[in-house]
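Take a look at the structure set out below.
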């Protein structure tokens, strides 16, 4: 068996935790498996390095920020190899240059293009545990790139694919994917398995355990991923292509409070209005989430949309600046909203899901402000204060704890 | 002009100092010079990383320690490029992989074999300041090596040689080489220039400003090195091949307190005695400094030697363990000794130097325990408590403050 194991920064935050991770990796190695370990930077290292950069420049160049923060994973990898040496295990840490992790050119947000496996295979044949720096690569200029936040998950999946690994284990501080956030919904149940698409929807909807790009890559290359805890021995949740008639109707309920709603009122009801509006945000790098357009009357219409709450003020400013060109009456931001979603591949063949969700919310007197659906997801916008209550109501309605 | 500038960790210990170094480098760049900057790790980073390693393993493998500590210079180089960006200067940081700093294989103590200059020249042609990580290289296995303490000086000299630079400036916290340590000898005078050989003797005798290997390399490749302060604008000391009849008799007086003396008493006066004794230390990696052997009588002799004070206990232990084989009566260690040296190429053609030094010490009632000489150096061992007094006496005798 060839196993890729990924550990995040909080699993490495103290020398004791580093040693615990080393012991855990060594167990599989001693059983005879080949073990490749992917690590993030220790604890808050990345944030600390970025803060140091900000102390010497207001806008640090991205190329140099990548050079800077990529050292975090190199420290983690070397320290892990050192911790394993104390367990009498031969381990070798490799950075992106040494492995040959080739990426696209864009600093801070690169994507893998090709991973050389020669050096890793050579070290594995030599019966070493191979520890690889997550989150980073080398572009065609021979410069260091990073993959963006959560990039170490992507590194693990990419390596598992390139090495045709038998398993790709992502260790986190939760022991799997739950039907809802257990802090909100005490009777939430851990899912034994979940499909890539469901995981994608859950991740982007505020149940972030696995980085979305990692899930996309796992889906594309059909890599089976196991999400499990670095703190205990519980079976985790398997993320893979799930088929079969006996699929659960829905897999989980997710709540995202980090969202604001902006309503642009009194736009002219003519072609190009939406284009002008959203190309403005696209140019400013502001991601728009749900969009709802009222049907026009009297030659006017309204457009409402949601976006990450950190972007709302900038978006509103952009709107006011372009008011003359966009021609609208007023723009309003509403900050006390939350996005509630049910996700499940089972709903594709079952038309009653939306109705059941709306009924559950109606029974609790919770108002729905916007609705958006995909094949495997239904999302509603509700008052933020009612969000957690709504999660419990929907979770119960679909009997997810059973 | 192509200038290589090297800054040590204390010059980078705070964001304000980093910005000050950036400003200083940018001045020459704005005058039109090509500037290559070599940096050590910020402040105490290297020690902190080694301490972290020791928290997870008693004996960290050297290969991984090099992987670990080499990140320190990478952080420094990237932060410097970022600081320069805030001054609207295009700068690029390069690590040992990117430059192609090829070294021998030995971790923790590697030596340069070859330095590729293509990438650096390409960036300089692009009118960028190039910032290179000091202290490290890559061996033929594509693994990171480090050069040992003070290795960044060596990196700077090696780069200056490879790039045929017009100047190699080593910035330190002193503003040059003095005739004696100014803290001991308030009327010590800064030397405008000094020869490689004198610098080598001074560095190994406790006036460490430039790392010895850097001076050796500078001598071998005839690189002119300027030692100057990062804190002020004073002219520094030029280290180069010095010739001419008007050379000063001696250049400086150095004191090294970090030395112990061991006397092995009652050895048999027969061939092979010294060989057996010192091969024992060589195998254990203990460097022996001065050696003094008494002339034998009654078939017995004594051998005394000095060594770094950190090694004395281990050396004594080795002696006791091998007492039967070496056949001696007793071994004694004396810890309160110091090495006092006068150094100067001028003494080669002047026989009175030793006599003048001994006279100065005699006049102050300072006892000489051992004597060792080379072509350009005379070293005596004195009581540690009398060391500083001895420096002042000798400094005055040779009128070095004038």
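Remarks
- In the range B:369-402, the residues that are surrounded by 17 or more Cβ atoms within 10 Å (Cβ to Cβ), free of Cβ contacts under 8 Å to residues at least 40 places away in the same chain and within 16 Å of residue B:289 (Cα to Cα): B:378
- Some residue of the range A:382-390 being within 23 Å of the chain's Cα centre (by Cα) and farther than 15 Å from residue A:256 by Cβ: no
- Where helices (runs of 4 or more DSSP H) fall wholly inside the range A:1-104, the ranges with 3 or more residues that are within 8 Å of chain B (Cβ to nearest Cβ) are A:15-30, A:45-56, A:62-85.
- For the range A:36-64, the set of residues classified as crowded, with 24+ Cβ neighbours inside 10 Å and in contact (Cβ under 8 Å) with a residue 40 or more places away in the chain consists of A:36, A:37, A:38, A:39, A:40, A:41, listed by residue number.
- The sole residue among A:181, A:166, A:201, A:173 that is surrounded by fewer than 22 Cβ atoms within 10 Å (Cβ to Cβ) and in contact with a strand residue (DSSP E or B) (Cβ under 6 Å, 6 or more places away or on another chain) is A:166.
- Every condition in (1) part of a helix (DSSP H, G or I); (2) over 14 Å from residue A:328 (Cα atoms); (3) more than 25 Å from the chain's Cα centre (by Cα) holds for residue A:274 except the one numbered (2).
- The lone criterion from (1) outside any helix (DSSP H, G or I); (2) within 27 Å of the chain's Cα centre (by Cα); (3) surrounded by fewer than 24 Cβ atoms within 10 Å (Cβ to Cβ) left unmet by residue B:161 is number (1).
- Only a single criterion out of (1) assigned to a strand (DSSP E or B); (2) in contact with a helix residue (DSSP H, G or I) (Cβ under 8 Å, 6 or more places away or on another chain); (3) closer than 22 Å to residue A:393 by Cβ is not satisfied by residue A:303, namely (3).
- Residues located in the range B:169-188, provided they are assigned to a strand (DSSP E or B) and farther than 28 Å from residue B:249 by Cβ: B:169, B:171
- Qualifying residue in the range B:288-301 (condition: surrounded by 17 or more Cβ atoms within 10 Å (Cβ to Cβ), more than 22 Å from residue B:177 (Cβ to Cβ) and modelled with pLDDT under 90): yes
- Residue B:88 vs. criteria surrounded by fewer than 24 Cβ atoms within 10 Å (Cβ to Cβ), over 22 Å from the mean Cα position of the chain (by Cα) and without any contact (Cβ under 8 Å) to a residue 24 or more places away in the chain: yes
The values are calculated or read from the model by the stated rules, or taken from the named source; none is laboratory data. The model shown is predicted, which means the values in this text are computed figures rather than measured ones. For neighbour counting, all protein chains shown are included, and Cβ atoms are generated from backbone atoms with ideal geometry for every residue, glycine included.
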